[in-house]
1. Using the Cα gyration tensor of segment 286-342, with a ≥ b ≥ c the square roots of its eigenvalues, what is the shape: rounded (a/c below 1.5), prolate (a/b larger than b/c) or oblate (neither)?
2. Starting from the Cα of residue 264, step 7 Å toward the Cβ, then list every residue of segment 514-553 with an amide N under 19 Å from that point.
3. Which option, (i) 32.9, 141; (ii) 24.9, 88; (iii) 32.8, 104, is the value of Rg and Dmax of the Cα atoms in Å that was calculated from these coordinates?
4. How far is it, in nm, from the label point at residue 573 to the one at residue 355 when both lie 7 Å from their Cα along the line to the Cβ?
5. Relative contact order for segment 347-515 using alpha-carbon pairs under 8 Å, separation at least 6, rounded to a whole percent?
6. From the square roots a ≥ b ≥ c of the eigenvalues of the alpha-carbon gyration tensor of segment 347-515, which class results: rounded (a/c under 1.5), prolate (a/b over b/c), or oblate?
7. Give the order of 56, 419 when sorted by the count of other beta carbons within 10 angstrom, beginning with the fewest.
8. Given an 8 Å cut-off on Cα distances and at least 6 residues of separation, report the relative contact order of the chain as a percent.
């Protein structure tokens, strides 16, 4: 028989066990419910991010005229909210511009962006300014980028803004265009392109300002300042001084320099102030550099025989596969430098110089209608400012001479062909700037066969080309060793066969080739290839080198690609410390296109 005490303890134990079970179940249910809510919340936010990205795509289609209206499903869920906030976010664009009196004034445009905002448990996802953004208590970040294009010297910013009545949206919304056409903010009556050095500042006031700032940092080389948690300021660099010519060859815009297409490369140096290049007297002060990785024989293989650099090799990092080390011979140092910056674009500087000629309005003076064909074997002289309305052709051993400090504007192309055909820039014997010769060719320039373009005189001679420069066969572009010749173009450059672009006596500081073209192509013959003695400065161009060629001076581009290349590089030490554009500050952002595209987003 059980005692009363034992019976009581059994009852108490059962009660305690039942209580613990209920408590455990309650805790488990509570934890599970919280976890389920967290999972559900995360899934909802991810789902709405996708919906907002779809909204972005369809709003862009409507804003830019691809459709009159689009429907998008939002499906925010019961415990969340999607709403229109027409006053959310402001972008301010400020441009310094020269006024009619020669002073500088600031032109400002304020644009209210508006937003479509989803909110749940402190998380926000918003469509604003053509992009999708997300924020919480820890900050903001970008989900999908706005439409923003910064290439060369041109900034394009088509802002999609939201009109409509503030309020909650349901499961679906309709995006429609407004009756108004896109509003062009810049250029404007007071600010025209090119800007020619005017400062540009973009300020964003928004809950997502931090994310806007990071976006600008990745798309531009701008100075981005976080003014406050809800305000970011972007100062675009509109002028720059380009770096010194300290390298034999430099790739300044690519993540890596692959050498797998190089059969052989030999680099050394000389000093043109002491005479032309002589291999027996050459020095070991060459520099080959890249802003990214140097890869010996791309992919760990390739046909590279030998790379010899009498001087230094500079890169952010090196990738030299095992067993390939003996193909690389550097007499100086192999330096690792991750502080190398890519160079700024130069299209703005070239365009500015071309516009100086266009602005002279030479059409009102001497005009040659229908172009100019010179093919009778004689010498024809242009000795005054002249406008040629059409193409210029020189052939059959004829000579076209530009002299007397003339400025010539050719509204067409220039074609020089046949052995002995010449174009001559004949300068004066003094350095008066009024005697400088400048020729603008709006179209292509073609030099073929044994033709020659030659500059002489102690003043400056300039040729501006709006299209392609094509030099082939054994054609040549030359300048006297006391004559500065500057060749500018905004199209591509092609140099083939045994063509040459050289300064007399290898005085490379007298021959300058500036290009903002996308593609530059050098292809020499297998045995006696292309010869270049001067400075080529094309910091945003992709350069391809094929077969045999010799470069004296300094050779700078955005990237290099090689195909069976046999390269001889001879750095001219006299260029040390010299800058492109003679150290002048030149435009970086010179063309600004900002527009407002209004859409209305309403509940369906």
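Please treat every number below as a calculation from the coordinates, not as lab data. Worth saying up front: this structure is predicted, and the values here are computed from it rather than measured. Quick reminder, even Gly has a Cβ in these numbers, built from the backbone with ideal geometry, and neighbours come from all protein chains shown.
1. Values: a/c = 2.21, a/b = 1.36, b/c = 1.63.
Since a/c reaches 1.5 but b/c is at least a/b, the shape of segment 286-342 is classed as oblate.
2. 523-532, 545-552
3. Computing Rg and Dmax of the Cα atoms in Å and matching it to (i) 32.9, 141; (ii) 24.9, 88; (iii) 32.8, 104 gives (i).
4. Computed distance between label sites residue 573 and residue 355 equals 4.2 nm.
5. On the way: 529 pairs, mean separation 26.4, N = 169.
Answer for segment 347-515 is 16 percent.
6. Judged from the Cα gyration tensor, segment 347-515 comes out rounded (a/c under 1.5).
7. On the way: 56 23, 419 14.
By the 10 Å Cβ count, ascending: 419, 56.
8. Details: 1739 pairs, mean separation 91.3, N = 604.
It rounds to 15 percent for the chain.
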